[in-house]
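Single-structure report; data block below.
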Amino acid sequence: MSFNATRPNLLAAPGVAWLATFMVVPCLLVLSYAFFQRGVWGGIEYTFTLENFARVADPLYAKIFLNSARIALTTTAIAILIAYPAAYAISRAPRMRQPILLFFAVLPFWSNYLIRTYAWMVLLNREGLINNMLRSFGYTGEPLSLLYTEAAVITGLVYNYLPFVILAIYSTLSRLNPELMEASRDLGAGPVRTFFRVTLPLSLPGVAAGGVFVFVLSIGNFVTPALLGGGRFQMVGNLVYDQFLTANDWPFGAALGAALIVTMIVLLFVQARATARASGESREAQA
Amino acid sequence: MTGDTATATVAGTPVAARAAGAGAFRRKLPGRVVLLLVFGFLYLPIAVLVMLSFNDSGLPTAWSGFSTRWYSALLGNSDILHAAWNTLVVAIFATLVSTILGTLLALGMETRRRKSNGLEALAFAPMVIPDIVLAVALLTFFSRLGLTMGLHTIIVSHVVFDLAFVCSVVRARLKNFDFSIVEASRDLGASGWTTFWRVTFPVLLPSIVAGALLAFTLSVDEFIIAFFTAGAGRSSITLPMQIYSMIRFGITPEVNALATIVMGVSATALLISQWLNKEQVR
Amino acid sequence: MNAETSPILRIESVAKNFGPVVAVDGVSIDVLENEFFALLGPSGCGKTTLLRMLAGFETPSAGRILLEGRDISPLPPEKRPLNLMFQSYALFPHMTVRQNLCYGLEMERLDKAEIRRRVDETMATTDLTQFADRKPEQLSGGQKQRVALARALVKRPKVLLLDEPLGALDKKLREKMQLELKRMQNEAGITFVIVTHDQEEALVMADRMAILKDGRLLQCGSPEEIYEAPADRFVANFIGVMNFIDGRVTEDRVFEAEGLRLAVVNARPGPATLAARPENIAVGAPGERLAGTIADIAYHGLDRVLHVKTPAAPVPLQVRVPAQGGTAYQVGDALSLKIDPARCRLFAGGGAGAGG
């Protein structure tokens, strides 16, 4: 435990080895499959080809990709619009109460994803709670088909990832030096202008972190479209799933996975840049 | 205008205090409304599910009386019990391995002289990589090696992200760990090994346990990676996989009861984990 | 001082309590125009709460705050013609130095040219022109401090409030900035109200100061007045070094302590504490007044402080003697002290319980 040069590496070695073997190598392997042809019976033909990547750009699949991106983007925007006021309200609550509020905002995030999605199936079902309530308010028409719609998919995604966005935004808001907001008031800005000129710009790194997270997880999601979209809304995640488990076209599935990873890396990079640009505040807050 | 001010001051403290109180209430109101709405959105679906699990008819249409029959039905469902047992096995082994590896990794990363970007990325990646990608990668890897897949491959796969989460929890504690107490222990004559067990480990223990509980929860709840690495057949099916197959085509009352139990277990584990984290900050 | 001038800022029996905790307890202070005024006290004395009430971040529980005769206590911070220089400087990290300075003027909706002119002017006088396009994180502590000051000054406030403005700087820079602040205050012709816990800082900079303790005002006056005539034992001890001798005043106006008899005027008979500054105790030949032995000698450059053990007080008395020339003292030397009663304070009651 003293600071010598080899001990840290020795300590880290087993974990690093595990991650290298069971994450890095598999990812590289599946990536390499993207460059091979699909065998006649669904196996791999080890012939180099770029055809799989060309197929990702094929209008049929590109449309699914763009559609997923649109759904993910809508989800991200809605999640941020709901999460920001919530995170702001928590950051303004009495210091003692903040950890409790935050804990209960994040708690659903750690419970089972399937169950959280299932809860919405119960609510949105034709026989579900919402239709029931409408009926008890005197609605007599056909029950609304709320389930198996794009709106249902977006609602489910927002619901599932909202806690994380609240957490990300709260963590930047709570690290802001409250004297910055006071300084703005002192210099003559009212509460509204203080919010838009000081608080909001300084909390953008948290918004970006939460947003990227929601986007990446939404675009690659396959459970929510399968359950709440009833399989009618193909998203990239479903497409990957199909290639591996039903169509047995692993090389193409691998190419789709690679496209997802690239999207993720690009977004993480953009987010890191955005955070670095606004970096002053974290240091200022710690001072 | 001046008259008003004069009266206010004559009245003195009570008036001023009441005015301030009303102002504070008006200022706090929007925040409370927002929190009420958001918490309503987050907890209403869960509350409905829990309530339905005690509904005798099991249907969301009407309340037909309190009953625990769906819980009894669960106990009689051997598929679910088998899946629950598998889940427990996977979670326990994955937690054990990932707690040890994750803690060591955290110690290694925090005692390094210089931060290594490669190491940071490696430890961060499992938390952000889309799970479908990791799932197909592992499926490809295991089938390329010609391994028979089953619970063991699920465990190996779960350790990947579990250890990253354990590592990040323990590192958070190490970041404000005063390493001079390690030096003090050495200075007082303890060996490196004794120092670790007598000084470092006790200080880190709450965060290690918190990390382990988190890993356990994640493992119990994980679906996609397990789904891809479980192999064919029903023998190595886990609880989330069982739930998925049950809810795939609609609502089943048994799932309501199962969901309530699963959420209760995760919430308890998280409450303990949170409490331990809080204790260690003090 | 100048009783004719009406105060620019009048704090009128202001009190503030947070729940059951009383932070400020009925404080009344008048701050005069163009004055450098210090609020001084140990941490937790209520000085920062008082300053925050002046700036508008806290509402007084009772009392009024008048600026040029107008009650400003109901106004929110942005409507008050006072500006605060924050302890943490609170520079906006996402704005350059210039943008930080412009911010307050943009809020007044001045036109662009006017803003530019005033910001340029202020940057020139505060030596910031070369840093105009830097972000706060690229500045040193001293530079940040100047930006914070300039950002407040550019608004031309009626009163500038400063919350421990030099707290984050090291000793050397602090001493330089003390004089710098004083100079800027003179040039700008603005009333400064500064909060500090550092008595030396207050003595150097302030025209007048108020000493607070536990939310109460103990004394208000010029540094000389407070140093020479502290109102009570706490103030005497807080400002500068003070020796205390507990004893009693007899019916015939003599202060008596173990080994010491001192004729005093205007003193009521009863227990009392004599307070004497180190420079007001002289060393004489043995046999004169108070006998003692040197327990310790501290060298301070220009002078030496002798710590003299006497029967009169449980702690050694501090006596200041010139470092150069004169007698060479050694620990253990017996000597005799001469206390000048005219330059001492006598606090009735005495005993350690009488004050800090």
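The values are calculated or read from the model by the stated rules, or taken from the named source; none is laboratory data. The model shown is predicted, which means the values in this text are computed figures rather than measured ones. Cβ placement follows ideal geometry from the backbone for every residue including glycine, while neighbour counts extend to all protein chains displayed.
Determine whether the range C:39-59 contains at least one residue that is on the phi < 0 side of the Ramachandran plot and in a strand (DSSP E or B). Among the residues of the range C:39-59, at least one is on the phi < 0 side of the Ramachandran plot and in a strand (DSSP E or B), which makes the answer yes. Only residues that are in contact (Cβ under 8 Å) with a residue 24 or more places away in the chain and either closer than 24 Å to A:Ala119 by Cβ or part of a helix (DSSP H, G or I) (or both) were counted across the range B:212-237, and they come to 18.
Taking helices (runs of 4 or more DSSP H) as the structural unit, no element lying wholly within the range A:1-93 holds at least 3 residues that are loosely packed, with under 15 Cβ neighbours inside 10 Å and of a type in the set (Asp, Glu).
I'd like to check something: does the range B:238-245 contain any residue that is over 25 Å from B:Trp70 (Cβ atoms) and without any contact (Cβ under 8 Å) to a residue 24 or more places away in the chain? No, every residue in the range B:238-245 fails to be over 25 Å from B:Trp70 (Cβ atoms) and without any contact (Cβ under 8 Å) to a residue 24 or more places away in the chain. Checking the stated criteria, C:Ala124 turns out to be among the aliphatic types (A, V, I, L, M), more than 13 Å from chain A (Cβ to nearest Cβ) and more than 14 Å from A:Thr194 (Cα to Cα).
When you go through (1) of a type in the set (A, V, I, L, M, F, W, C); (2) without any contact (Cβ under 8 Å) to a residue 60 or more places away in the chain; (3) touching a strand residue (DSSP E or B) at 6+ places or on another chain (Cβ under 9 Å) one by one for A:Leu129, which number turns out not to apply? Status for A:Leu129: all satisfied but (3). Here the range A:110-150 is the region considered, the condition is being facing chain B (nearest Cβ under 10 Å) and β-branched (Val, Ile, Thr), and the residue that is farthest from the chain's Cα centre (by Cα) is A:Ile130.
Listed by position, the helices (runs of 4 or more DSSP H) enclosed by the range A:171-287 that each have at least 3 residues that are within 14 Å of chain C (Cβ to nearest Cβ) are A:178-186, A:191-194, A:200-219, A:250-277, A:280-286.
Screening the range B:61-76 for residues that are assigned to a loop (DSSP other than H, G, I, E, B) and out of contact with any Asp or Glu (no Cβ under 6 Å at 6 or more places or on another chain) and picking the one that is nearest to the other protein chains (Cβ to nearest Cβ) gives B:Ala62. Restricted to the range B:92-194, the set of helices (runs of 4 or more DSSP H) holding at least 3 residues that are surrounded by 20 or more Cβ atoms within 10 Å (Cβ to Cβ) comprises B:117-128, B:131-144, B:151-175. When each of C:Leu179, C:Leu173, C:Leu169, C:Leu212 is tested for being surrounded by 22 or more Cβ atoms within 10 Å (Cβ to Cβ) and either modelled with pLDDT under 90 or in contact with a Gly (Cβ under 7 Å, 6 or more places away or on another chain) (or both), the lone residue that passes is C:Leu212. Would you check if B:Val209 is in contact with a Gly (Cβ under 9 Å, 6 or more places away or on another chain) and either in the same structural domain as B:Leu239 (by TED's automatic domain parsing) or free of Cβ contacts under 8 Å to residues at least 24 places away in the same chain (or both)? Spelling it out, it is not the case that B:Val209 is in contact with a Gly (Cβ under 9 Å, 6 or more places away or on another chain) and either in the same structural domain as B:Leu239 (by TED's automatic domain parsing) or free of Cβ contacts under 8 Å to residues at least 24 places away in the same chain (or both).
Name the single residue, out of those in the range B:195-222 being of a type outside the set (D, E, K, R) and over 22 Å from B:Ser168 (Cβ atoms), that is surrounded by the fewest Cβ atoms within 10 Å (Cβ to Cβ).
So in the range B:195-222, the residues of a type outside the set (D, E, K, R) come out as B:195-197, B:199-220.
Now restrict to residues that are over 22 Å from B:Ser168 (Cβ atoms): B:195, B:197, B:199.
On the way: B:Thr195: 21, B:Trp197: 11, B:Val199: 18.
Per the stated criteria, the residue is B:Trp197.
With respect to C:Leu54, is the statement that it is under 24 Å from A:Thr199 (Cα atoms), crowded, with 22+ Cβ neighbours inside 10 Å and either at the interface with chain A (Cβ under 9 Å from one of its Cβ atoms) or free of Cβ contacts under 8 Å to residues at least 40 places away in the same chain (or both) true? Here the answer is no, as C:Leu54 does not meet what is asked.
Somewhere in the range A:56-68, is a residue more than 8 Å from chain B (Cβ to nearest Cβ), more than 19 Å from A:Tyr241 (Cα to Cα) and of a type in the set (D, E, K, R)?
Within the range A:56-68, none of the residues are more than 8 Å from chain B (Cβ to nearest Cβ), more than 19 Å from A:Tyr241 (Cα to Cα) and of a type in the set (D, E, K, R).
When A:Arg273, A:Arg232 are checked against the criterion of being within 24 Å of A:Thr155 (Cα to Cα) and surrounded by fewer than 18 Cβ atoms within 10 Å (Cβ to Cβ), A:Arg232 stands alone in meeting it. Residues in the range C:318-333 that are under 17 Å from C:Gly240 (Cα atoms) and in contact with a Lys or Arg (Cβ under 8 Å, 6 or more places away or on another chain): 2 in all.
Results for (1) within 25 Å of C:Val31 (Cα to Cα); (2) without any contact (Cβ under 8 Å) to a residue 24 or more places away in the chain, shown as yes or no for each residue.
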{"site": "C:Met107", "(1), (2)": "no, no"}
{"site": "C:Lys112", "(1), (2)": "no, yes"}
{"site": "C:Thr125", "(1), (2)": "no, no"}
{"site": "C:Gln143", "(1), (2)": "no, yes"}
{"site": "C:Leu166", "(1), (2)": "yes, no"}
